[in-house]
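Working notes for the structure below.
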Amino acid sequence: MTTDDTAQPWQWDEPTWRGHVERVRAGRSLLPAAGPDRWPGGAAVAVAISFDSDHETPSLRDGETSPGRMAQGEYGARAAVPRILELLHRHEAPASFYVPAVCALLRPDEAPGYVERGHEVAVHGWIHERNTQLGHDDELDLLGRAVDVLTAQTGVRPTGIRTPSWDFSDSTLDVVRELGFAYDSSLMADDVPYELLHRGERTGVVEIPVEWIRDDAPYLMMDRFGGLRPWMAPRDLLQIWIDEHDAARAAGGVFQLTLHPHIIGHPSRLLVLDRLLEHIRSTDDAWITTHAALAEHVAPGLRD
């Protein structure tokens with residue numbers, strides 16, 4: 001039996017590699033049974049649009065505090081968020097906003113403003129920390145304080161979490177359960193909601209999966225000193241997301257999308273979301289909802 005932490009993966013015995021694989025896994029699908037009652041109002045597809053309102057925090061997390069980096073994040077809150085809220089209002093599209101606590105503290109009116117307009121506010125870490133580098137107690141402390149900040153500002157305790165870097169540490173699922181979250185939206189094991197398993201045991205936690213294909217950052221993010229550059233015209237990206245939605249609609253499934261105000265909120269890019277919502281609304285059979293409402297709708301599947 002190979003237990004040496006310095007062993008190479010090819011030296012691991014079966015209990016070791018199997019333990020890594022089975023630590024957090026996808027359990028039963030929570031897609032409701034096919035039929036007119038699968039989605040509210042007989043809708044053909046559930047649409048869950050989300051925004052990670054990161055603003056300055058990814059740079060702060062990495063100690064990159066130059067005015068230029070701060071300004072790039074500030075754009076998201078100052079210029080992009082008002083445009084996004086107006087667009088969502090025009091399309092009558094409730095959305096979910098995942099807010100790092102530091103962003104909420106920098107602008108105490110932002111999170112309440114989302115809630116006042118009918119949107120969900122959920123947890124996105126303290127300072128967009130890399131949770132895979134944290135031990136249990138630090139992760140619990142940061143997320144617990146983040147819950148407290150958002151609850152105090154909005155008057156509503158968040159029911160969901162999206163980890164800042166779309167990953168789990170060895171402790172994340174334990175922390176999610178300790179803090180009583182109903183759902184997570186950070187992992188990628190399916191196209192539709194499922195129950196999270198911890199070492200083969202059911203947790204009662206709903207996972208609303210994300211995917212890099214349905215995220216604006218891989219296509220449009222810019223890093224001045226690195227190799228990351230926008231490589232696709234926004235209107236070309238629109239077709240990818242239309243195709244993703246149409247496939248989900250044909251399957252009676254879920255179309256989930258993750259956006260960032262400081263990335264998607266520029267005029268030439270926000271046009272993509274505008275046209276996408278026009279397309280979704282043109283079918284007249286979509287249930288556009290928050291991640292929290294989606295998790296609540298599929299939760300009865302946890303009792304099966």
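The values are calculated or read from the model by the stated rules, or taken from the named source; none is laboratory data. Quick caveat, the model's predicted, so the values are computed rather than measured. Ideal geometry is used to build each Cβ from the backbone, glycine not excepted, and the neighbour counts take in all protein chains shown.
Annotations
- Pairing residues of segment 278-296 that are under 16 Å from residue 51 (Cα atoms) with residues that are assigned to a strand (DSSP E or B) and among the charged types (D, E, K, R), at Cβ distances under 8 Å and at least 6 apart in sequence or on separate chains, gives 290/120; 291/120; 292/120; 293/120.
- Flag for residue 129 being more than 16 Å from residue 263 (Cβ to Cβ) and modelled with pLDDT of 95 or more: yes
- Condition broken by residue 94, with the remaining ones in (1) under 29 Å from residue 225 (Cβ atoms); (2) within 16 Å of the chain's Cα centre (by Cα); (3) outside any helix (DSSP H, G or I) satisfied: (1)
- The listed residue being out of contact with any strand residue (DSSP E or B) (no Cβ under 7 Å at 6 or more places or on another chain), in a helix (DSSP H, G or I) and under 27 Å from residue 297 (Cα atoms), out of 144, 76, 118: 144
- Single unsatisfied condition, residue 150 versus (1) crowded, with 16+ Cβ neighbours inside 10 Å; (2) within 30 Å of residue 275 (Cα to Cα); (3) of a type in the set (A, V, I, L, M): (2)
- Screening residue 36 with (1) within 19 Å of residue 289 (Cα to Cα); (2) modelled with pLDDT under 95; (3) surrounded by 12 or more Cβ atoms within 10 Å (Cβ to Cβ) gives one miss only, at (3).
- Tally of residues being closer than 30 Å to residue 286 by Cβ and in a loop (DSSP other than H, G, I, E, B) across segment 1-45: 12
- Filter result for residue 223 (more than 17 Å from the chain's Cα centre (by Cα), closer than 27 Å to residue 70 by Cβ and not basic (Lys, Arg)): yes
- Every residue from segment 122-140 that is of a type in the set (D, E, K, R) and exposed (fewer than 14 other Cβ atoms within 10 Å of the Cβ): 137
- Condition met for residue 206 (at pLDDT 95 or above, touching a Gly at 6+ places or on another chain (Cβ under 9 Å) and buried (at least 19 other Cβ atoms within 10 Å of the Cβ)): yes
- Single residue of segment 162-203 satisfying the filter (among the aromatic types (Phe, Trp, Tyr) and under 14 Å from residue 302 (Cβ atoms)) that is surrounded by the fewest Cβ atoms within 10 Å (Cβ to Cβ): 181
- Taking residues in segment 108-124 that are more than 15 Å from residue 87 (Cβ to Cβ), and partners anywhere that are of a type in the set (Gly, Ala, Ser), the pairs with Cβ atoms closer than 6 Å and at least 6 places apart or on different chains are 111/104; 120/96; 120/292; 121/111; 122/96; 122/160; 123/146.
- Qualifying residue in segment 50-59 (condition: modelled with pLDDT under 95 and over 20 Å from residue 126 (Cβ atoms)): no
- In segment 55-70, residue farthest from the chain's Cα centre (by Cα) [restricted to those that are free of Cβ contacts under 8 Å to residues at least 40 places away in the same chain and either crowded, with 18+ Cβ neighbours inside 10 Å or assigned to a loop (DSSP other than H, G, I, E, B) (or both)]: 66
- Residue list for segment 125-146, filter: within 18 Å of the chain's Cα centre (by Cα) and without any contact (Cβ under 8 Å) to a residue 12 or more places away in the chain: none
- Residues satisfying the stated conditions in segment 257-286, i.e. out of contact with any helix residue (DSSP H, G or I) (no Cβ under 9 Å at 6 or more places or on another chain) and assigned to a helix (DSSP H, G or I): 278, 281, 282
- Tabulated pairs, segment 232-256, first in a helix (DSSP H, G or I), second of a type in the set (Gly, Ala, Ser), C-beta under 7 angstrom, 6+ apart or interchain: 234/268; 249/44
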